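These notes concern the structure reproduced below.
The values are calculated or read from the model by the stated rules, or taken from the named source; none is laboratory data. Values in this document were obtained by computation on a predicted structure and should not be read as measured data. Note: ideal-geometry Cβ built from the backbone for every residue, glycine included; neighbour counts use all protein chains shown.
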């Protein structure tokens, strides 16, 4: 682990969002090298080869090893959608492909629906939990850990329950800090709740704006938004994670905190954390007014591929700087 000598490896998630089409992993590797990154997280092994061809996966593994870079990957949706047999077969194939890549640490995401008046959310979580248990033999055979991502549809407490229920020896957390905001959670506090189970990261920063229904989240490079990066780095050092992976994606979400019905699906919300997010929105809008930060209109257009690649470079620089400062403080 890089924690022992006070250093993290810094990488990025590279896919179509940054202009790297499936099968073009060599271009992603070349970009990562040029950007001075330590490794790459692919959304899925199919990003490397659509058919999960073993020879192509092994070629990618060797190329990354020769470059001295880490390679991580995802395995797709854990649920609750799809028929169990079909979804589990696909997940097993994905885990085996990740093993061929040499990835012992993988992540999966969820797509639950949060609507207390329409769909039973607990039943969706139970279905996902059964699938996790069913995957244990595959994980044991491949000596892998499957990390449940803090996706925008789950609270940190729900992710934690899934991990602890399935067994933290083979299941852990992939921490996506920006998604926690959608559920009204402060990323630092949520990361503390998830400690010591965090083994992967998806990192980006956010600007928060007031809209009629509540808070609107827009993504920014690490270090340019409202997140407390020194505090996040400190919490991450208490977990078995040694890679800081930037995920500069295009997700656009609101947290409808001004709608009383929103809280019906959010029993986990803590007043102090929600107040912290509101304070972040106050800071964002103050910066917008004085010109030191972007306005919501500035962030409404979809960024270009070049802009997203530039954001990765900016974020990598910021993360390295924050990690270095933290190391100096505790040395």
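A few remarks follow.
- Residue check for residue 88: modelled with pLDDT of 95 or more, more than 20 Å from the chain's Cα centre (by Cα) and crowded, with 17+ Cβ neighbours inside 10 Å: yes
- Matching entry among 176, 120 (being at pLDDT below 95 and either out of contact with any helix residue (DSSP H, G or I) (no Cβ under 7 Å at 6 or more places or on another chain) or within 24 Å of residue 71 (Cα to Cα) (or both)): 120
- Elements of type helices (runs of 4 or more DSSP H) contained in the stretch 163-276, each with 1 or more residues being surrounded by fewer than 19 Cβ atoms within 10 Å (Cβ to Cβ): 187-194, 229-236
- Matching option when the condition is surrounded by 23 or more Cβ atoms within 10 Å (Cβ to Cβ) and within 30 Å of residue 230 (Cβ to Cβ), among 43, 35, 12: 12
- Some residue of the stretch 127-141 being at positive phi and outside any strand (DSSP E or B): no
- Within the stretch 295-329, restricting attention to residues that are farther than 25 Å from residue 20 by Cβ and surrounded by 18 or more Cβ atoms within 10 Å (Cβ to Cβ), the residue that is modelled with the highest pLDDT is 322.
- Residues located in the stretch 142-155, provided they are part of a loop (DSSP other than H, G, I, E, B) and under 22 Å from residue 202 (Cα atoms): 144, 150, 151, 152, 153, 154, 155
- Count of the stretch 46-59 residues which are in contact with a helix residue (DSSP H, G or I) (Cβ under 6 Å, 6 or more places away or on another chain), surrounded by 14 or more Cβ atoms within 10 Å (Cβ to Cβ) and assigned to a helix (DSSP H, G or I): 1
- Among (1) in contact (Cβ under 8 Å) with a residue 40 or more places away in the chain; (2) touching a strand residue (DSSP E or B) at 6+ places or on another chain (Cβ under 8 Å); (3) closer than 24 Å to residue 173 by Cα - the single one residue 99 does not satisfy: (2)
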